[in-house]
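The values are calculated or read from the model by the stated rules, or taken from the named source; none is laboratory data. This is a predicted model, so every value here is computed, not measured. Methodologically, a virtual Cβ is constructed for each residue, glycine included, from the backbone with ideal geometry; neighbour enumeration extends over all protein chains shown. For the accessible areas, the whole protein counts, side chains as well, though only heavy atoms, and no ligand, DNA or RNA atoms are used. Shrake-Rupley method; radii C 1.70, N 1.55, O 1.52, S 1.80 Å.
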Amino acid sequence: MALKYELENNAFLFQYGPAIGTTEFRESLASFLAEGYHSEVNKSDLVQTSGATSGLHLILSTLVDLAGVVFVDEYTYMIALTAISQFSTMKIVSVPLKDDGPDMARLEELVQQHRFAPSGKLFWGVYYTIPTFHNPTGIVFSEDKCQRLITLARNSDILIACDDVYNLLHYANPEQAPPKRLFAYDIEGLGKIDGWRGNVISNGTFSKILSPGIRLGWMECPPRCVEAFRQSGVLQSGGAANNYMGGVVSTMIQQGMAQKQLKLYSTKYAERLQAMLETLDAKLPKECTFSRPEGGYFVWIRFPEHIDCAEMNKYSMEKYRVSAVPGTRFSVTGEARNFMRLTFAFHSAEYLRKSVATFCEAARDYMQIVSSS
């Protein structure tokens with residue numbers, strides 16, 4: 001029906017599209033997110049992208065000074081580190097991460113240490129983070145940390161770029177609201193705080209909740225950032241990112257198909273997470289500890305300090321044909337050598353029970369070898 005309508009009405013989906021996305025897509029997306037977040041989402045705050053990595057690239061290239069500073073958690077999404085490092089004139093600064101969010105005292109100190117006046121861009125620095133079901137640790141930032149981050153961002157006028165790709169994948173009480181996104185803490189100040197300008201972008205994607213192959217996402221932004229993206233040469237020249245697929249997904253939302261798919265994912269992922277946690281409880285060596293996330297994709301395992309997980313990963317691949325991602329992959333400074341990340345989203349619960357049990361056996365054997373050497 002949508003295709004027939006487009007063909008009969010100038011086929012707008014086959015054109016470039018407005019820089020920040022069509023009104024139909026942003027209206028449909030706003031309703032979808034508002035239902036999922038259990039909070040207000042305005043179409044005027046939304047900018048269409050071709051995924052979260054595209055959004056991060058637009059943030060860095062459009063909003064941040066070329067000599068800017070990018071603060072990152074000491075453990076964070078490894079491919080984001082690769083994308084950020086390709087902005088070779090920007091400086092990456094690592095921030096210690098605790099169980100409830102960043103070490104605020106250290107982040108505040110680092111922000112003051114590196115602060116400068118930007119030239120021609122909105123922001124001199126950006127804190128890239130994943131506040132909800134963090135990758136790789138699975139943590140959720142506490143309300144206190146969120147409030148302190150907003151205060152810091154406003155006082156120093158840095159941008160906080162949130163990789164909000166797992167927010168709707170929450171499993172403990174799926175009918176209730178997910179953890180409050182950091183953007184919601186910031187937007188509450190609009191019209192209430194003198195001099196409010198907005199310092200948080202929620203960078204989202206359909207990759208985790210619909211399909212990665214459709215290459216479609218969004219940024220939820222304060223007005224000054226929306227306007228900067230509207231004036232972006234990349235978006236003005238190329239038009240809305242993946243305009244055609246934006247129309248397809250709009251129809252899926254309007255017909256309830258996207259909501260149905262999200263519910264299916266959430267149900268299946270909850271089963272898979274439970275299978276992984278139960279197997280780790282039963283099989284993982286007791287010297288190890290692991291996170292118990294209530295959403296997202298990942299479980300973060302801490303091994304004893306003397307265990308090099310990159311070497312253990314090689315051993316488990318050679319001897320047991322199982323692997324995980326060693327912690328050093330997530331650290332800009334090469335830390336976290338005794339950590340590993342497991343992913344539960346891609347395999348059935350039955351497969352995970354077998355493979356995680358094998359992983360635990362490999363870990364036990366490797367730890368015994370190291371201890372006896």
So Lys286 fits all but one of (1) among the charged types (D, E, K, R); (2) over 26 Å from Val140 (Cα atoms); (3) free of Cβ contacts under 8 Å to residues at least 12 places away in the same chain; what number is the exception?
-> (2)
Of the residues in region 49-80 that are open to solvent by less than 20 Å² (accessible area, probe 1.4 Å) and part of a helix (DSSP H, G or I), the one that is farthest from Ile130 (Cα to Cα) is Leu63
Residue set Phe298, Phe290; condition under 26 Å from Tyr171 (Cα atoms) and open to solvent by 40 Å² or more (accessible area, probe 1.4 Å); output residue Phe290
Name the pairs: first residue in region 87-110 and aromatic (Phe, Trp, Tyr), second residue surrounded by 15 or more Cβ atoms within 10 Å (Cβ to Cβ) and not in a loop (DSSP other than H, G, I, E, B), Cβ to Cβ under 6 Å, at least 6 apart or on different chains?
-> Phe87/Leu60
If we scan region 220-229, do we find a residue that is in contact with a Phe, Trp or Tyr (Cβ under 8 Å, 6 or more places away or on another chain), modelled with pLDDT of 95 or more and either assigned to a helix (DSSP H, G or I) or within 30 Å of Tyr128 (Cβ to Cβ) (or both)?
-> yes
What do you reckon, is Lys192 assigned by the TED database to the domain that holds Gly247, without any contact (Cβ under 8 Å) to a residue 24 or more places away in the chain and either in contact with a Phe, Trp or Tyr (Cβ under 8 Å, 6 or more places away or on another chain) or open to solvent by 60 Å² or more (accessible area, probe 1.4 Å) (or both)?
-> yes
What number of residues within region 93-108 satisfy the criterion of being more than 18 Å from Ile139 (Cβ to Cβ) and open to solvent by less than 50 Å² (accessible area, probe 1.4 Å)?
-> 1
Being out of contact with any helix residue (DSSP H, G or I) (no Cβ under 7 Å at 6 or more places or on another chain), surrounded by 15 or more Cβ atoms within 10 Å (Cβ to Cβ) and not assigned by the TED database to the domain that holds Glu188 narrows it down to one of Leu264, Leu284, Leu280, Leu273, so name that one.
-> Leu273
Matching option when the condition is part of a helix (DSSP H, G or I) and buried (at least 22 other Cβ atoms within 10 Å of the Cβ), among Ala161, Ala184, Ala153 | Ala153
Could you list, in sequence order, the residues of region 109-130 that are closer than 19 Å to Val64 by Cα and open to solvent by 50 Å² or more (accessible area, probe 1.4 Å)?
-> Gln112, Gln113, Arg115, Phe116, Ala117, Pro118, Ser119, Gly120, Lys121, Leu122
Considering only region 331-347, how many residues are open to solvent by 20 Å² or more (accessible area, probe 1.4 Å) and on the phi < 0 side of the Ramachandran plot?
-> 8
Output for region 348-373, where each listed residue is in a loop (DSSP other than H, G, I, E, B) and open to solvent by less than 80 Å² (accessible area, probe 1.4 Å) = Ser348
